[in-house]
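Before any comments, here is the structure.
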Amino acid sequence: MRSWSNHVFTFKRNGYNTQELGSKSNGYRQGNNLTVYSTPTPYREGKNMDEKTISVPMEADENGLFGRECPSCGMYFKIKPVTDLTTTQGICPYCGYTDILGDFLTQDRRAYLESVAVRQVLGPMFRDLADDLNRMGTPSSGFIQLKISATVPDFPIQYYQEKILETDVTCDTCGSVFAIYGVFSNCPICGKLNARVIYDKSLDASHGKLALSGDDTIAEHVRADLIKDALIGTVSAFDALGKALRKKHIVIPADPNNLFQNLLKLDQVLATLTGKHISQYLTPADSDFLFLMFQVRRIYEHNAGVVDSDFVKKQPAYAYLLGRKYPLKKDDVSTFIVLMRQLGDAIYSEFEK
Ligand SMILES: [Zn+2]
Ligand SMILES: [Zn+2]
């Protein structure tokens, strides 16, 4: 009869295991190898150390992403690495902690692996024990209790489900697909900030609003609002891009808080840090146009689009419009979005090299 009650089971994960299956639609599979040691207690060197390795594939969510958890900050994210099937290094998208990807195992996944191991190792041992006991025939009184408990217990698998996250991103540097809480983070594979991807998406949304403003089945005041929203949304997206860059690159000053809404101040900061003015990232004429549109944005955001003295101070050519509503044109906002995309991309590339 096997003695099972005085064994200690230890589970050793053999790390991240990636194997290419070729014909699978997602092109690869991931999983974990677990080695389960059954060690008699008290443990004696060279004695009865059973070893069994189990491979447990990982199941992706409905979009092909796998849940991961940072061993340092404990935050959850999901990932589908697509460019490099042998990727072994992971970077926490939230805190930047870097380690082998296999160590970014979620608690749920760990519990699942252990339950699979227990079921595969303990299950057969209990069945052997039950067989042994049943073969013993009429037990002596001392074994009655054991016989009762010799029904093979069920070792339930601790199934898990990947969580639903807030932002899906495809990295524009390495092509990895990942999902995170919040909006801004680093790519878990190449470490690049995702802020440019998010920025591009926001500008696409602004473009979408402009396109919608041309739909003459929509009431005219709503269409005018859509043009205004596209302008304001573009500047907000640029501000968010700037805040994400500042958080990662502390060389960009934290003051003033709305640096990326203040083009004049931003121009000075860029000149100091990179030696280039906005007029050098674009053309001087395009740069002048952006400075004008930032003022237009400000009065549309805070003054119902009415030109005020501050506007005239910065754009003296528009003195004749003082106290009147600035005529916001769809084509101007369209050009503005194109130029802002160029500027955002140039600034991102300066810091995320
Ligand atoms: Zn972390
Ligand atoms: Zn990447």
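Here are A285, A230: which of them is out of contact with any strand residue (DSSP E or B) (no Cβ under 6 Å at 6 or more places or on another chain), without any contact (Cβ under 8 Å) to a residue 12 or more places away in the chain and closer than 23 Å to D332 by Cα? Within the list A285, A230, the selection yields A285.
Would you confirm whether or not region 185-203 contains a residue that is in contact (Cβ under 8 Å) with a residue 40 or more places away in the chain, outside any helix (DSSP H, G or I) and among the β-branched types (V, I, T)? Yes: one or more hits. Restricting the search to region 176-193, which residues are out of contact with any Gly (no Cβ under 8 Å at 6 or more places or on another chain) and more than 7 Å from ligand 2 (Cβ to nearest atom)? Residues satisfying the conditions are F178, A179, I180, Y181, G182, V183, F184, S185, L193. In region 116-141, the residues that are of a type in the set (V, I, T) form Cβ pairs under 6 Å with partners that are modelled with pLDDT under 75 and outside any helix (DSSP H, G or I), at six or more places apart or across chains, as follows: V121/V36; V121/K52. Taken together, the residues in region 65-81 that are of a type in the set (G, A, S) and either in contact with a Phe, Trp or Tyr (Cβ under 6 Å, 6 or more places away or on another chain) or within 16 Å of ligand 2 (Cβ to nearest atom) (or both) amount to 1.
Mind telling me which of the residues D172, D204, D200 ends up being out of contact with any strand residue (DSSP E or B) (no Cβ under 9 Å at 6 or more places or on another chain), more than 16 Å from ligand 1 (Cβ to nearest atom) and not assigned by TED's automatic domain parsing to the domain that holds L343?
On the way: D204 fails: not assigned by TED's automatic domain parsing to the domain that holds L343; D200 fails: not assigned by TED's automatic domain parsing to the domain that holds L343.
So the residue among D172, D204, D200 that is out of contact with any strand residue (DSSP E or B) (no Cβ under 9 Å at 6 or more places or on another chain), more than 16 Å from ligand 1 (Cβ to nearest atom) and not assigned by TED's automatic domain parsing to the domain that holds L343 is D172.
Filtering region 204-260 to residues that are among the aliphatic types (A, V, I, L, M), surrounded by 13 or more Cβ atoms within 10 Å (Cβ to Cβ) and assigned to a loop (DSSP other than H, G, I, E, B) leaves I218, I252.
The values are calculated or read from the model by the stated rules, or taken from the named source; none is laboratory data. What you see is a predicted model; the values in this text were computed from it and never measured. So basically every Cβ, Gly included, is an ideal-geometry build from the backbone, and we count neighbours across all protein chains shown.
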